[in-house]
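The values are calculated or read from the model by the stated rules, or taken from the named source; none is laboratory data. Note that this is a predicted model, so its numbers are computed, not measured. No Cβ is skipped: glycine too gets one built from the backbone with ideal geometry, and neighbour counts run over all protein chains shown. With ligands, DNA and RNA removed, areas are computed over all heavy atoms of the protein, side chains included. Shrake-Rupley method; radii C 1.70, N 1.55, O 1.52, S 1.80 Å.
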Amino acid sequence: MLSIKNLRVSIEGKEILKGINLEVRPGEVHAIMGPNGTGKSTLASVIAGRDIFEVEEGEIIFNGKNLLEMPVEDRASEGIFLSFQYPVEIPGVSITNFMRTAVNEQRKYHGLDPMPANEFLAKMEEKKRMLDIHAKLANRSVNEGFSGGEKKKNEIFQLAMLEPTLAILDETDSGLDIDALKVVANGVNKLRRPDNAFLVITHYQRLLEYIVPDIVHVLFDGRIVRSGGKELAMELEEKGYEWIRSEA
Amino acid sequence: MDQVGSLNALNTGIMDGTTTNYNTREALLKLFDERIAGYALNDSPELTAMRREAIAGFASAGFPHTKMEKWRNTDLTRVLNHDFKFPEAPVMAEVDLEEIFRCEVPGFDTHMIAQLNGWFIERGAGLSQAAQGVVVCSMAEAFEKYPDIIASHYGKYAPVKENSLSALNTAFAQDGVFVFVPDNVEVNEIVQIVNLVHSADPVFVQPRNLVILGKNSSLRLVHCDDSVDDQVGFINAVSEIVLSENARLDHYKLQNKNDRSALVNNVFFHLEAGANLSTNAISLNGGLIRNEVYVRLNGRGSHADILGVYLMDRDQHIDNQVFVDHAVPDCTSNELFKGILDDQASGVFNGHILVRKDAQRTNAYQNNKNILISDKAVIDTKPFLEIYADDVKCSHGATVGQLDSEAMFYLRSRGISADNARMLLMYAFAAEIVNKISIPQLKQRIDDLVKKRLRGELSICDQCVLHCNSREQKVSFEIDMSKI
Amino acid sequence: MEKDPNNILDEVTQGEYKYGFYTDIEMETAPRGLSEDTIRFISAKKNEPEWLLEFRLNAYRKWLGMTEPTWAHLHHPPINYQDIIYYAAPKKKKELASLDEVDPELIETFNKLGISLEEQKRLTGVAVDAVIDSVSVKTTFSETLEKQGIIFCSFSEAVQKVPELVKQYMGTVVPSDDNYFAALNSAVFSDGSFCYIPKGVRCPIELSTYFRINAANTGQFERTLIIGDEGSYVSYMEGCTAPMRDENQLHAAIVEIIALKDAEVKYSTVQNWYPGNKQGEGGIYNFVTKRGICKGNNSKISWTQVETGSAITWKYPSVVLMGDHSVGEFYSVAVTNNYQQADTGSKMIHLGKNTKSTIISKGISAGYSNNSYRGLVKMTKRAENARNFSQCDSLLLGDRCGAHTFPYIKTENKTSIVEHEATTSKISDDQLFYCNQRGIGTESAIGLIVNGYAREVLKQLPMEFAVEAQKLLSISLEGSVG
């Protein structure tokens, strides 16, 4: 599904990703762990198409298409979803209106007619119920005045609405208390299907107790220095990142 | 206006060679024609040319009038309508300087210099850092000794076309204070300029100041405007203040004039890259005060704090005009003016932030808050924004209101009398500005003055000046704000 | 028409001005230029009573002694007032009794504009007065309204039908010498709408006037008078368009509103006059005086405007709050793109006790345009406990436009409270990236964000207008971000 080969990325002349290789297949959950500032969020942003980064070398192939040649919104329509670490506020734009626009733009990309209003509203209701989200959230402006937990829940709600094939969760656990973390993790688990995949970026092992990964990668200084099963996350938790640092 | 009278007086003035009446455009133009030859004897050719250009600017515009947008709410007619004398030389004899300087702030160790009727007064003691090249002297002396600095800065910031009072000053200016701080020098002493007016007759004085801060230098400057008597006076002051790269200036204006005086204070700040300005106008008393502050942020990364507080009563008039010109990217400015108006006092605030094209990443804030405490007090406030760049953060606000009735109730419920509660809240309102004064002794002094002012002590005194005999009186208004 | 306000951006059409067509209708016009003769010609055409002719001539004589205002943040070449045709009317053969007698070309014109003059075809309850080049061509639903005593007709008709009402109120809110353009209008106004809501009547349907400039070289000078008698309520909407021409056409209108005791008048405008082309050629000069007076206690006047059109907009819908406890409101979205210029805002004059006013202004500038908010809040000595809150925000799209805020606040009363806030911002890259990541293209994202930014104002509009206005916002800004 996703194939990243020798990806080298820099920002303002400073190299951040120094040759990343990553293969993600349908149905898999990959966790990317690592200390702060090693390039985890950069990787997420580059896959989604943020243009402040310079891709020096390498390729990102998604379902046979070269993502690097596509604008951000086309990548989204192709099925890439990024749950933001710091979701931005958009005053005055209701989540309903925002999602409606996103759903229909993505449908337009695939040559489909806009979703009829009643069908759309029913879908919103269904997803809200599934994720245990209160009705109020949906009528508020996008992220405006949301608490940290509400913002992250809202990201997962959008994930449910847009049904991407690859969802990237960028530090979705940061700033969440244990209850909110469970809501988010349960949501993600409910959304897992054989034909979609998740890339979970996290600093701590905590989230991975709830979203169990198939493969864990350790990112250090712009490189994946180690990959393994879920037990790698446990090991990391025990020994700390110093362990990786000494090995690297 | 009494033109015949003033022209007659003009003739008299010329005969005795010292004074003349001075209140109409025509009289001034005539006076200029007669004086320019004499001025030219001492002036450089450039300065003479500048005076001629300036008088032309004044000739075409005349005195500002209420038909002009910027002068709609400040009428000079009344304060100009006097038989002004024009002091052509300092008069020392009648003044006891020691008496005047009794008002010195206790423990406020400054290098104090004085201007009397616009003329610099030599007080002997030099600045301790003179050896490092720091200069504090009269403008007249500077014209002679520092022609290069004068040539590159004097009259370069004060416009003579759009601002007719600035033009008038430029045309006639004879003296004032000159301050020069060389590159990389931090001036330890606080420089205090005391601008006094004292005369048996109504006087029209035009001090002219030039302050130059070299790169990476710093200076603290306190500028006091005081009256020594209750005589009518009109001060038309112009200051040009230049902050070179990374220079820092901490600037205060302390205004405490009598009720019959008019003060128009044009200050032009020019900031180069990385320069940092803090200017704070504290207006405690005065018949008519108009502060025009122009801040040009001319170099990247420069920053200006422009603050002011005014406490006016009786039929006093205060007018603060602030123009902040964001000419280049990456500059920040912050304006906050607060005022309390009592009796028939009137206030004007006219803030104007201009963000020029391409001045991206500008941050500019502007706020004016007012409290009216009588039925006859009036405030006009105009916080303008004019913006031609898109990557900016600008906001402004203005409020007019009264003391918070809930807070009043809260204080009274704690047993504080209504009068004291009112005073406390007014004090707290003004304190936001006073607390920003970074010189501790000055802050203490102004804090005391504000308290006195709010108690009405200064107002009761008809000849309301700093050095009144209440100096020894202990300030009894002491409530710990942190405990309420 | 879509009812769900969330649907607005579903289909964003091409960015060209879509009302720019011209209809070939047989017209009757006055000769070019302005003189007492022109005014007599107009007055005679309309068979006006002597007092009205006097009113016009009086205004004209005052106008001759006045000069064009220059204080606004606007620039335009001098207007040649002798080069304008002050009266142009579709030729009609006889008095119209039913829609069948209206020129089919005209009906077609309004159908193209999406305004149906045929009552049975309108699903929603909106009565329309259609004004084309100075003259009202058709007022719908007037009979239905008459049963409740509501008078809704063209201004000329009102002069004939209820001259005493017109005479009593006309010029009382905007005096004929109020300003240069008001004086001009008072001299040459041709038609407009008139509306009277009797005591205690809540007008059951939205009243709407649709203004259309069609003929070349003409100015449009319409005049609207709305009187809400004691305890009445009416919601009134105004829309306008014009053909695309490379000349500048002058529009100088007057709207006067009188709200008596306990009355409420809500006036909504979607102003979409031709804004000129991308190079700034052509477009309407829109100099309009709109003012209401809350004459009685507890009365309320609310202005809502969405300004997307015109090369130049100069207008300050105002409320004089005379009655105690009266309320004034102003909600505005003004969009300028390309070389458009807008200088618009509101005046709230507080005279009565416990009066309250709110100003919410959202300016959006793009291209090379300049967009200014200019407003006055005045608290007079009598206005005890009066309150005002103003919020004036600017959004800049691109770095070649200007956004300016010129609020004037004058307070003579210690018990009054005035608060003014303003911010200036742009659409952040983070917001755009967030929308893009959800699959929303940049143009749509801007439309979405701009509509969100203006939501506080748009939600004040009647539903019929809100949808239209939201679409307009997106369209007006198309191509503004490269």
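Kindly identify residues of region A:102-123 having a loss of at least 30 Å² in accessible area between the isolated chain and the assembly of all protein chains, probe radius 1.4 Å.
A:Glu105
Need one value for A:85-91: mean number of C-beta atoms belonging to other chains within 10 Å of its residues' C-beta atoms.
Counting Cβ atoms of other protein chains within 10 Å of each residue's Cβ and averaging gives 5.
Accessible surface of C:Thr304 in the full protein assembly, 1.4 angstrom probe, to the nearest 10 Å²?
0
With each label point set 7 Å from Cα along the Cα-Cβ vector, what nm distance links A:Asp214 and B:Ala37?
10.3
Give the average, rounded to an integer, of partner chain Cβ atoms located within 10 angstrom of each Cβ in B:355-364.
Mean partner shielding for this stretch: 2.
With a 1.4 Å probe and all protein chains left in place, how much of the accessible area of the protein assembly as shown comes from carbon and sulfur atoms, in whole percent?
Here it works out to 48 percent.
Of A:Glu150, A:Glu231, which has the most accessible area with a 1.4 Å probe, and how do the rest follow in descending order? Don't skip to the end; give the middle numbers.
Numbers: A:Glu150 55, A:Glu231 115 Å².
The most accessible residue leads, giving A:Glu231, A:Glu150.
With every protein chain left in place and a probe of 1.4 Å, what is the accessible surface of B:Asp319, to the nearest 10 Å²?
0
On a C-alpha basis, how far is the centre of region B:147-179 from the centre of region C:388-432 in Å? Whole number, if you could?
36
For the full complex of protein chains and a 1.4 angstrom probe, list C:Arg438, B:Arg220 by accessible area with the highest value first.
Largest to smallest exposure gives the sequence B:Arg220, C:Arg438.
I want to verify the translational diffusion coefficient of chain A in µm²/s; compute it with Stokes-Einstein, Rh as the Kirkwood radius over Cα pairs, at 4 °C and 1.567 mPa s.
This corresponds to a translational diffusion coefficient of 69 µm²/s.
Once the convex hull of the alpha carbons of the protein assembly as shown is built, what does its volume come to per residue, in cubic angstrom? The partial results should precede the final answer.
Numbers: hull volume 260.1 nm³, N = 1214.
Output value, Cα hull per residue: 214 Å³.
May I ask you to give the solvent-accessible area per residue for region C:391-482, in square angstrom, as obtained with a 1.4 angstrom probe?
28
When Cβ neighbours within 10 Å are restricted to other protein chains, what is their mean count per residue of peptide C:441-448? It would help to have the intermediate numbers written out before the result.
Values: counts 10, 3, 0, 6, 7, 0, 1, 10.
The shielding value for this peptide is 5.
Report the net charge of residues surrounding B:Ala421, where surrounding means a beta-carbon distance below 10 angstrom and charges are Lys +1, Arg +1, Asp -1, Glu -1.
Cβ neighbours under 10 Å give a net charge of +2.
Taking every DSSP beta bridge that has both residues in region A:2-247, what percent is antiparallel when rounded to the nearest 5?
That works out to approximately 55 percent antiparallel.
Would you list the P(r) distribution for region A:62-169, with all Cα-Cα distances sorted into 5 Å bins from 0 and each bin expressed as a whole %?
Percent of pairs per bin, in order: 2, 12, 21, 24, 21, 12, 6, 2, 0.
What does the buried accessible surface come to for C and A, summed over both chains, with the probe at 1.4 Å? Round to 100 Å².
Values: alone 19500 and 11900 Å², together 28880 Å².
Chains C and A together bury roughly 2500 Å² of accessible area.
For region A:145-243, what number results from the quotient of the Cα radius of gyration and 2.2 N^0.38 Å?
1.11
Grab the eigenvalues of the alpha-carbon gyration tensor for region B:299-428, scale each by 5, take roots, and send me the semi-axes largest first in whole angstrom.
Working through the eigenvalues yields semi-axes of 35, 16, 11 Å.
If I ignore ligands, DNA and RNA and count only protein heavy atoms, how much of C:Glu28 is accessible to a 1.4 Å probe, in Å² to the nearest 10?
C:Glu28 exposes around 60 Å² with every protein chain in place.
In Å, the Kirkwood hydrodynamic radius of region C:294-441 over pairs of distinct alpha carbons?
16.2 Å is the Kirkwood radius here.
Roughly what % of DSSP beta bridges within the protein assembly as shown run antiparallel, to the nearest 5? Don't jump to the answer; show the numbers that get you there.
Values: 55 of 334 bridges.
So the antiparallel bridges in the protein assembly as shown amount to around 15 percent.
Show me you know the interface measure: the accessible area buried between C and B, both chains summed, probe 1.4 Å, in Å² to the nearest 100. If you can, show how the numbers build up before the last one.
On the way: alone 19500 and 19580 Å², together 36280 Å².
Approximately 2800 Å² gets buried when C meets B.
Using a 1.4 Å probe, what is the accessible area per residue for region A:2-247, in Å²?
On the way: 10590 Å² over 246 residues.
With the other protein chains kept in place, region A:2-247 gives 43 Å² per residue.
Would you list A:Lys190, B:Lys369 from the most to the least accessible area, probe 1.4 Å?
Highest to lowest solvent-accessible surface, that is A:Lys190, B:Lys369.
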